[in-house]
1. Name the strands (runs of 3 or more DSSP E) wholly within region 66-135 that hold at least 2 residues that are surrounded by 22 or more Cβ atoms within 10 Å (Cβ to Cβ) and over 36 Å from the mean Cα position of the chain (by Cα)?
2. Contact list please: Cβ distance under 6 Å, first residue in region 58-69 and in contact (Cβ under 8 Å) with a residue 40 or more places away in the chain, second residue buried (at least 21 other Cβ atoms within 10 Å of the Cβ) and in a strand (DSSP E or B), pairs at least six apart or on different chains.
3. Let me confirm something: among Asp265, Asp256, which residue is open to solvent by 20 Å² or more (accessible area, probe 1.4 Å), among the acidic types (Asp, Glu) and over 21 Å from Val389 (Cα atoms)?
4. Being open to solvent by 10 Å² or more (accessible area, probe 1.4 Å) and under 17 Å from Pro751 (Cα atoms) is true for just one of Gly636, Gly630, Gly653, Gly673. Which residue is that?
5. Mind checking whether some residue in region 817-840 is open to solvent by 70 Å² or more (accessible area, probe 1.4 Å), at pLDDT below 95 and not small (Gly, Ala, Ser)?
6. Can you tell me which condition Gly762 does not meet? The list is (1) out of contact with any Cys (no Cβ under 9 Å at 6 or more places or on another chain); (2) closer than 25 Å to Ile698 by Cβ; (3) outside any loop (DSSP other than H, G, I, E, B), and all the others hold.
7. Taking into account only those residues within region 449-470 that are in contact with a helix residue (DSSP H, G or I) (Cβ under 7 Å, 6 or more places away or on another chain), open to solvent by less than 10 Å² (accessible area, probe 1.4 Å) and of a type outside the set (Ser, Thr, Tyr), which is nearest to His331 (Cα to Cα)?
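The values are calculated or read from the model by the stated rules, or taken from the named source; none is laboratory data. None of the values given here were measured: they were computed from a predicted structure. Don't worry about glycine lacking a Cβ; one is built from the backbone with ideal geometry, like all the others, and counts go over all protein chains shown. Just the protein is used for accessible areas: all its heavy atoms, side chains included, with ligands, DNA and RNA removed. Shrake-Rupley method; radii C 1.70, N 1.55, O 1.52, S 1.80 Å.
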Amino acid sequence: MTINTRFLVLFAAVALLVLYPSGHVSASHGEGDISATCEALPPASSPGFEAKLETFVAGYCYRAAGWMHDANIRSSGGVHPFVKIWYSPEIWRWITLEQRKGNPPDGAMLVKEQFVEPSDSLDSWTIMVKDAKGSHDGWYWADLSPSSPSPSNTSVDSDDTARRNGSSPQCPQASYPSIGFGEYCLNCHASAAGSTATYANASHVTGAEPGPPSSAIPPNDNIHHRLARKLFQQDTFGPKACMIPESFDHVVPRPDVPSHFVTSDQCTGCHNATGTLSPTTADLPRMLWPNALADPMVNVSPNGEWRFSMMGLSGRDPIFFSQLNSENTLHPILEGHPSDAKPFVQDLCLSCHGVMGERQYKADTGNFFTRAELLKPYSPYGALARDGVSCAACHHIAADGLGEPSTFTAKFNLGPVNEIYGPYKDNVSTYSMKSAIGMEPKATDQNQIESAKLCGSCHTIVLPVFRADGRQAMQNGKPAQFYEQTTYLEWLNSDFLNQSCQSCHMPHDYKGNPLSYKIANIEDNTFPAISTRAPDKDITLVQRDDYHRHALLGINIFALEMFKQFRSELGLYLQDPMLRSPDTTVPGIDTAIATSLESASEKTALVEVQSLGRAEDKIVADVKITNMAGHSFPSGVGFRRAFVDFQVLDETGKVLWESGGTNDDGVITDGRGFPLTTEFFTSFQQRYQKHHWVDNPIRREDDVQIYEELVANPEGFLTTSFIALDHKVKDNRLQPRGWKSTGPFADETGPVGTCVSSREGGACDPHYSDGSGTNVIRYEIPLNRKTAKAASVRATLYYQSIPPYYLFERATDARGTDTNRLVRFTREIKLDGTPVKNWKLPIASAQQQLGAIVTEVANANRAKLGR
């Protein structure tokens, strides 16, 4: 500023401070007597502040108080719409007399009036109120627009009404709050000079700097317009069947209570394809494929993909919560918990699915963390748990102990509160993250964030074993334990040790196209220049050619379809609120489903018809299944299964004979279309499908090759109760290539039930000991009137992450809101037109004519095997 301008600024500052030293509102500077509504605001961290702020803004009390303000409605250079800013006496004193030294004082306030066009009426406000107690950055943010009729709570059905009507309850849609501490505004404001999170200066008050050239932002392209919350908007929760809306998953870093864990919305503003600067250019926002001008475009940002993975959704997983409901029903009292075992069981299960909430709650209180906490909208622990396996969980994990049994079952160690671990060692810009949340991104020598050991902490689950009477089962004089999940151990005993979990589940490409991005959307050197921003050297981001997608997906498309079709009941936003152009961006859930489908068809397994011929009285076919995954298939929770549908076809494609056919509900049937007896287990029905290979061929339509793990409880009955898993009766899941009986954790990952005995002696499937990761099934189909016109055979491998028997057990083991929800979902979900039509996901298929293999199928399979 020139000397004259500086003099004018200081003169105006002194004059204002003389007139209004306390910052209180004066009724004499408004239209009429407004003293009844314009009261001084309390600290922003005080109870009920939001309503008082909205009253203050709705009454234009800042105008009535005669605050200093910009000389004109002006352009913001594409960051906000047209604006006019009003400065409270506290912030004005800090800007002028204190020359922006240190931090603004508590109570300092900025009100930014926003206009779509300078000649239009006011469209919305963005507001900043300083209160250092509220969060690390110390600002209370608000994005508000004039009021409209409040949503009604009276039209929401109760859970009981919905159940009587046979339909899901009407749940309110989650709406982005855009008001409070730790808001998305920090994606830009964290780059302000001095870590003050504000760019405020006096230049536009004096008219010394008129501002950048005018550039109107269309409302549908203006994030501040789209996210503005209506004044006096009421929050609705709906009936108990409705999960707490995602908008309540909001936990910020606070200076007085250091904590490892914050919710993902503290990361979203920067690590999503957040659109703040307008007009859009091809490279802004970043992390959109193929670019920000495409239609459609795909959001491949960390938050844009993680949010729609089963890790991001684990705190709202309806399948998990129904399972938890069953555990509480089946085990109401356990040894060591004689009055009520629910808190123990819930804490155990939520230590993975609600890891941040469980960890923080136990650290703060020393008590068990329960399901009830997730039902409290304003509980910080519930918010952390609902946020799932979130950013702050994985990126705070220390290298200490990873890969060792002491860190299995989510018992990983944490690094310091102020450190966040990433993969990049060089040219890491730390300024904005430290300003926003007080955490420094850094790499470590162990680089644990790219190690399979990090994943192994939660994907190796060891659980206690309890009998039906509540006593803990014993083994060799010690309390029994069971490896409920061994994905990491399966990988450890394989030929894939040179490929970490992240190399598949966090790929560097999109559909084969390499990705290269700056990994955040912040205010950096690409924004219009401003004197109150941090130096460019501190905020300039580096292009990363080794960009990691946070896809983090398996092939659980069944659950993803539930999250797609029942978003309101599960409390999720209908659209990602952070996107600049949500209408032209592929919904994140669709990207997740498409990525899972790609993995299922290209990276999971191969099917080959190795041989096919006629004998005098039968057709003989050998079908080879090859596991391509770096762990067993299926892997993870034990109830997942895959099965082979083998069909004999005539020349028209009509099915003459079939092993592994299903009905519309995914239930495997016999040749007459009736469900197999082995499809459901009860105390009276414990038969299951045996393992088949060349020496134990399939000859009947009611014999089926099913790859699965079946476990009995201590009483000897098949069970899906996680804390009653005692011993395997069958585990013929396809092993990873390179598995060895002498390898690490072979006892925990080895086959069970892959041998048969006869009068001539015993025989075992050799491919479950040779490390090939394969299984060859022999089919011997009788030649008779039914099969006489056989012309070809077709073999298809299908996958079910929630088989019919598992859903049946959930529906019959327990009653409650979580079980009712899953039952409704399975009844109402629309699967026609989805990849899991008829409740089964096709993985691979092969067909062969009697005498000649179909050329294109054979070539495709050979290409996948690299032959």
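1. 82-87
2. Note: pairs meeting the criteria are Tyr62/Trp86; Tyr62/Val111; Trp67/Trp86; Trp67/Tyr87; Met68/Tyr87; His69/Trp86.
3. Just a single option satisfies the conditions, and that option is Asp256.
4. Testing whether each residue is open to solvent by 10 Å² or more (accessible area, probe 1.4 Å) and under 17 Å from Pro751 (Cα atoms) leaves just Gly630.
5. At the first step, the residues of region 817-840 found to be open to solvent by 70 Å² or more (accessible area, probe 1.4 Å) are 827, 830, 832-833, 837.
With the extra rule that they be at pLDDT below 95, the set shrinks to none.
Checked region 817-840: no residue is open to solvent by 70 Å² or more (accessible area, probe 1.4 Å), at pLDDT below 95 and not small (Gly, Ala, Ser).
6. Against the list (1) out of contact with any Cys (no Cβ under 9 Å at 6 or more places or on another chain); (2) closer than 25 Å to Ile698 by Cβ; (3) outside any loop (DSSP other than H, G, I, E, B), Gly762 comes up short only on (1).
7. Filtering first and then ranking leaves Phe466.
Yes or no, residue by residue, for (1) modelled with pLDDT of 95 or more; (2) surrounded by fewer than 24 Cβ atoms within 10 Å (Cβ to Cβ):
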{"site": "Leu293", "(1), (2)": "no, yes"}
{"site": "Pro296", "(1), (2)": "yes, yes"}
{"site": "Asn299", "(1), (2)": "yes, no"}
{"site": "Trp306", "(1), (2)": "yes, no"}
{"site": "Met310", "(1), (2)": "yes, yes"}
{"site": "Phe320", "(1), (2)": "yes, yes"}
{"site": "Asn328", "(1), (2)": "yes, yes"}
{"site": "Pro332", "(1), (2)": "yes, yes"}
